[in-house]
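Please read the structure below before turning to the comments.
Nothing in this text is a laboratory measurement; each read-out follows from the coordinates by a stated rule. For clarity, every value in this text was computed on a predicted model and none was experimentally measured. Please note: Cβ atoms are built from the backbone with ideal geometry, for glycine as well, and neighbour counts cover all protein chains shown.
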Amino acid sequence: MRLTCSMCAAMLIATAGCSNSLTAPPNGLPVTLTTVSSQGVQVPSITSGDDSVTAIVMEPASAACDGPVTPAAGVRGEALVVTLTQQVRTGPCPPIGVTAVVPLPIQLVVHDVPSGTSSAQVVLRLVRGNNATFTVLASGAISVP
């Protein structure tokens with residue numbers, strides 16, 4: 001009986017980890033987000049130097065309707081994961097006025113990345129109610145000395 005209860009508990013934990021339910025992104029590393037106004041930047045791109053990693057990705061097209069994104073960064077295994085979390089609007093989009101909103105590149109800089117981190121990815125996390133969907137915006141190999 002105890003074995004059955006232990007197996008049920010393990011299955012429940014494993015199922016929750018694999019579900020599409022609301023899960024927190026890795027965090028713990030300082031990350032800044034700025035809009036890139038200069039032209040000629042390569043999008044997407046990920047570069048590393050010293051103890052920081054810089055990623056440039058396009059602002060999600062849904063930002064005009066759903067609102068701003070919140071960055072978080074953390075290490076999972078040997079990979080740096082930068083997550084942009086955005087709440088999905090449930091009603092109609094507010095009027096955006098006469099001018100159209102054009103998505104701009106955004107720059108994410110993560111500091112204090114541990115040495116030995118060998119890859120990085122930027123993930124968009126769209127939260128709708130109690131569910132979250134994930135889309136990889138950029139990924140690549142990095143070298144943090």
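Volume of the convex hull of the stretch 22-141 (Cα atoms only), normalised per residue: 99 Å³. Computed over the stretch 22-141, relative contact order equals 34 percent, with contacts defined as Cα pairs under 8 Å that lie 6+ residues apart. The calculated pair-distance distribution of the stretch 40-93 uses every alpha carbon pair, bins of 10 angstrom beginning at 0, and gives 19, 42, 28, 10, 1 percent.
For a modelled paramagnetic label at Thr32, 7 Å from Cα along Cα-to-Cβ, the residues of the stretch 110-125 in reach, with backbone nitrogen under 13 Å, are 110-112. A simple spin-label model places the labels of Ser115 and Glu78 1.6 nm from each other, with each point 7 Å out along Cα-to-Cβ.
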